[in-house]
């Protein structure tokens, strides 16, 4: 029982990452009709925003300490981050420790600019092109982006830790009357879950309650009519693309302490996020969220030892198996609309 | 006994009775129009005839064989061709290829793995298709991209694609919808010409009374899912029930 | 000739000549010149181009004609490879049984996957194929290790039974005793040309595959496949059942993939699970689009350019660059090398990504379109001609999402 | 061998044709001039460095490549000579190999067996290399080793830790300097017993592929031999990214040690996440919960950051070792690249020198001569202490390092500390040990 509760929590947490990535992907697809294979790269860029901020905070003054030796036997160059020099060691250290949450503020403008530039510079030329072309060009872009990151940051994952206050884990089990240590969950992952819920709610609220959102939703349903009303829907769609980039980027920023950022992480999430979006139904925002959580939970259950003993290897394929079953039972995914991307 | 017999067909969508006790008999070699105001059930009836919808009760038979539960391509293979409201053609292919496809379908059936034959060597098929194009005055456009044709030509092409299969029954779903008067008249002439040249049964679902009275030999009036009356055009014109059904909206 | 019209016959002959003279064409630079680095005329690369050309040709029969975008074709390639290696292990190192089994098994496998996946269309179809291929890959990599030898890859071992081979038989994949790995090297005027049995074997099969694909393109069946792409609704109401047509195309392209997989194993008897990964499926999609989907020669060109880039560009390291630019003064030399080395050696993937973007943006019809533009440029004054590849879709109709 | 006129990898150099190069059929005559594949005829010899340049291990590959370039430089008499001055065999004199200048080509394995073989093939077929070195995974090493055996060139493995490389997949033309999973277990278990006691219950998380399995088997049997119990062995998908659903059940499984049989990115993620779960702050069975990572590398330690503090693992070599070979190598590497070499860099460097030395001693590039010179070769001064290349399986035997994540690093390279140098005798095993059984070295293949 405790295992099931634990894996359920786990699944929700996993699912929140899936849902967040799928949300951005669906926004882009739903508004612009573009299949964006560079979405994983946007997620990766978000994670590297956190890395960059951490790098900025740890920019250091170098002093030579003759009492210590470096690996070549020369006097050791001691590096002290400027923030520690300016704000004192304690304050400085905590600024560095808080670089991931602070990176949210840092990432929003950067991702907005990247998203805007991507849409204006490349994506807009592909609205009327076949999906295959969109896939190829965005895939090319994804490769280019990740290679650029590789040139700057190398291929090795970069440790990016959460603030120390969030270290350790919370004991759910005690609350529910289990023994101590049976159901524990790390604070940071709980924060990630809450964070994703907030973002998802914010996006929905934005689309539902603002005029901008209403126009965009109308545009998603019927682009031509909205265009005929004299509303410049293209401009709004550009902004939507930039927003989707921000959502992907923030998902990446907050994910950095869970999965150390590396240049390839976007590709690792790419296939998965498409599976989530399609299972949810192309173009359906609630579908993407639902599918994200559903697949997260199923994946967690599949990795339980009891399940693996019956079906060895099931945790390797559960996502795909679920996708196949759902698509065969529900032709357009969980909440997909007829005629969207079926030709 | 008609070529197409519809008996006691009922179809419900939730609370809406779309078709109610429909009985219809289309006689061989006639032009039979089905008219009625919006929401009368014309489209539903058409979809039942082509196998897209299965009625809740009743039967539909073509030349004595039931068509219920048959796939659209099976119904076509039985000899029913359909013309759509907006012409459905193969936009990426040439005009000639558009006509060749139904030729092959007519000869080879719903599926054949003729992967190692060559289209160019099928001289019989090509002759047939070219003759058909000549019939509809499109022979000079045979190498054009179908998508680049004018709307009227697309309609002609679609007609040619249906006729080349020598169907026993041609279903026309509002063939002049959205057309300008001149195009509508062209289409009427084309249909008349077609009818004059061969033995064919046509069932026209139409809104436009001008088209209906120019072509139809018999007319069925549908209202609220049920046939109101079936008669010759002359008799329909004077029928008060029909006027009432249209509430003066029709240009009768 | 061979059921082809004059123009196609000419086209086929050109393709045959190009294929036969590949050892020369891909080896244009003399051994000691700085450009020797760009020579690609060694057996492995030439054979890979032929093999991936077959793979892409088959994929094109599905994607180029019917428009169904499969993201799981690498699974059939993998199945073909595994089947072939098992034949090598159990039966004989002669390549024929291996390749025949590879084709049969991949046909069965693609029939199964196609039957299920083709119940859906558009992106739903793509994801179904992707999911099945990715499942195959993951299982092959882990749980199915007894069958696939997992990460290491299935390989031929000296203690395999090989019941049809005698003790004196060749120890490597062979054509009735003629080993595929044997080559003649011809050293002339500082050029070394390699004529490899394996390459020519692949080349002959590739030509046959090309011929078959040409026949399919020109057949009523090919016409029906293009009809599937354009308008399935009309097809249905024309008395044609699109499903078996699409399934047949799927199986045929699966068999092409299996053939390619079998040939890969014949050239190098090791079958790794990675060749079933989604990236491998993506690669064939890219080859096809890059070259020109729906054209006959495009996929082969795409396969050739990607394999060439992967194998040649990744080997241009900084030392090579320094050699090339040694005539420049040191500072400038370092700068030039630094810039170029972003795109070569370990940066080869960057070049690949840029190439995709440039080609798709500026040449929507792929490399074939580029070629045609060039030909048109040179033939301005001559007769109006569409270029050397009589393709069917000069301008693919945009199908925008509704 | 085939009896046809077509010789395998037939290098039928008929010599340059004088005059106009008119293609006449008579040119296609057979007549093998060389005794083995890619026999160097000019004044240079080419080596192939096949390392991952894209994919997860690209940085590892980069470091290997640095070391290989350095080795070539030293062989050609450049730089400070590095380990050439400490190597106890003195036949290499900085004039290349057998007087031929050493050149090299590089390729990208992409850490995929297919790509690695394609790249190795192009080196053999196009560039004419006589030896291939490098790589950072066992799957790739085994695949390339097999290819080299068929083609008749020498394979000097880079980083490969699976028992199979010199076990069931061993090949006469292949040599492994790196240690293996069995040695990791044999070296680690006593240290772990000393640090954590003999009454421990271990929970294994294992990457679900051949290397993971061999390491799991080796570590489990070694720890069981010192009295530990194995509670559970769980396989995790490669590249899972998020290991939380595998980590959550660990705490209430009754285990008090978590052993992570992961490498590279998987290891970085799994240990970071395990620490995030607070496993190491917990008390289980009245003991502090511990994590062990049997195979360490500098890059992994760097990637895992804080998470590895106090975590035990093993290594083939480390730059902090105190011996002349290490000092010389670290000095020339450090001065050239500004960072200490990783243990995979050291392996590639040493392997390149060992190959050159074997050729020099044998007096021939012929792979069979090289194999003979390397088999049973005892040497010292290469940083690992006295080392033996065992003839029976082409595995090097040398001391193994037990490492621990350093609690208070003073600089970015100071992240691991050496806990113990396990003597060679303790990690030796019989060539027919069950974990290595089933292979057959076969005969050396000179190709042509």
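FYI, it's all coordinate maths here, none of it is from the lab. These numbers come from a predicted model, not from an experiment. For neighbour counting, all protein chains shown are included, and Cβ atoms are generated from backbone atoms with ideal geometry for every residue, glycine included.
Structure above, values below:
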read-out: Rg in Å to one decimal, and Dmax rounded to a whole Å, for the stretch D:182-315 via C-alpha atoms; value: 13.1, 35
read-out: For the protein assembly as shown, convex hull of alpha carbons as volume per residue, Å³; value: 202 Å³
read-out: Estimated D of the stretch D:262-395 in µm² per second, where Rh is the Kirkwood radius over Cα pairs and Stokes-Einstein applies at 10 °C, 1.306 mPa s; value: 91 µm²/s
read-out: Convex hull volume of the stretch B:90-165 per residue (C-alpha atoms, cubic angstrom); value: 85 Å³
read-out: Peptide ranges D:400-406, A:167-173 listed from the most packed, as the mean C-beta count within 10 angstrom indicates; value: D:400-406, A:167-173
read-out: Segments B:213-222, D:125-134 sorted - mean Cβ within 10 Å per residue, highest first; value: D:125-134, B:213-222
read-out: Calculated FRET efficiency for the pair residue A:206/residue C:362, C-beta based, R₀ 41 Å, to 0.05; value: 0.65
read-out: Cα long-axis angle, helix D:58-75 against chain D (0 to 90 degrees, to the nearest 10); value: 50 degrees
read-out: Efficiency of FRET from Cβ geometry, residue D:331 and residue A:77, R₀ 22 Å, rounded to 0.05; value: 0.80
read-out: Cα convex hull volume per residue for chain C (Å³); value: 183 Å³
read-out: Centroid-to-centroid separation of the stretch B:138-187 and the stretch D:383-448 [C-alpha atoms, Å]; value: 80 Å
read-out: Stretchable slack from residue B:235 to residue B:181, in nm (0.36 nm times residue separation minus alpha-carbon distance); value: 16.9 nm
read-out: Under the Debye formula (equal points on every Cα, no solvent term), log10 I(q)/I(0) of the stretch A:255-343 at q = 0.12, 0.18, 0.20, 0.22 Å⁻¹; value: -0.43, -0.86, -0.98, -1.08
read-out: Separation of alpha-carbon centers, the stretch C:102-126 and the stretch D:185-201, rounded to whole Å; value: 52 Å
read-out: Simple spin-label estimate for residue B:21 and residue C:163 in nanometres, 7 Å along Cα-Cβ; value: 7.5 nm
read-out: Sequence-separation-based contact order of chain A, relative, with Cα cut under 8 Å and 6+ spacing, percent; value: 34 percent
read-out: Three-way shape call for the stretch C:143-219 based on the alpha-carbon gyration tensor, with the a/c threshold at 1.5; value: oblate
read-out: Percent of alpha-carbon pairs separated by more than 27 Å within the stretch B:125-252; value: 27 percent
read-out: Overall form of the stretch B:1-74 per C-alpha gyration tensor (a/c, 1.5; a/b vs b/c); value: oblate
read-out: Principal axis box of chain B, alpha-carbon based, largest edge first, Å; value: 57, 39, 32
read-out: Shape of the stretch D:212-274, Cα gyration tensor, a/c cut at 1.5; value: oblate
read-out: Value of Rg/Rh across the stretch A:165-260 [Cα atoms, Kirkwood radius]; value: 1.22
read-out: Residues in the stretch D:220-255 that a label on residue A:176 would reach, taking backbone N under 13 Å of a point 7 Å out along Cα→Cβ; value: D:249
read-out: Principal axis dimensions, largest first and in whole angstrom, of the stretch C:202-272 by Cα; value: 49, 25, 14
read-out: In Å, descending, principal axis extents of the Cα set of the stretch A:55-200; value: 65, 57, 29
read-out: For chain A, alpha-carbon Rg over 2.2 N^0.38 Å; value: 1.10
read-out: The stretch B:116-234: relative contact order as a whole-number percent, Cα under 8 Å and 6+ apart; value: 18 percent
read-out: Cα-only radius of gyration and Dmax that characterise chain D, units Å; value: 22.9, 88
read-out: Förster radius 35 Å - calculated FRET efficiency between residue B:10 and residue A:330, Cβ distance, rounded to 0.05; value: 0.75
read-out: Normalised contact order of the stretch C:6-293, rounded percent, pairs of Cα under 8 Å and 6 or more residues apart; value: 38 percent
read-out: Label-point separation in nm, residue C:100 to residue C:13, each point 7 Å along Cα→Cβ; value: 3.4 nm
read-out: The stretch C:253-299 and the stretch D:131-165: distance between their alpha carbon centers, rounded to Å; value: 26 Å
read-out: Per-residue average of Cβ from other chains inside 10 Å of C:342-351; value: 6
read-out: The stretch C:233-344: projected area of the alpha-carbon convex hull, averaged over directions, in nm²; value: 11.1 nm²
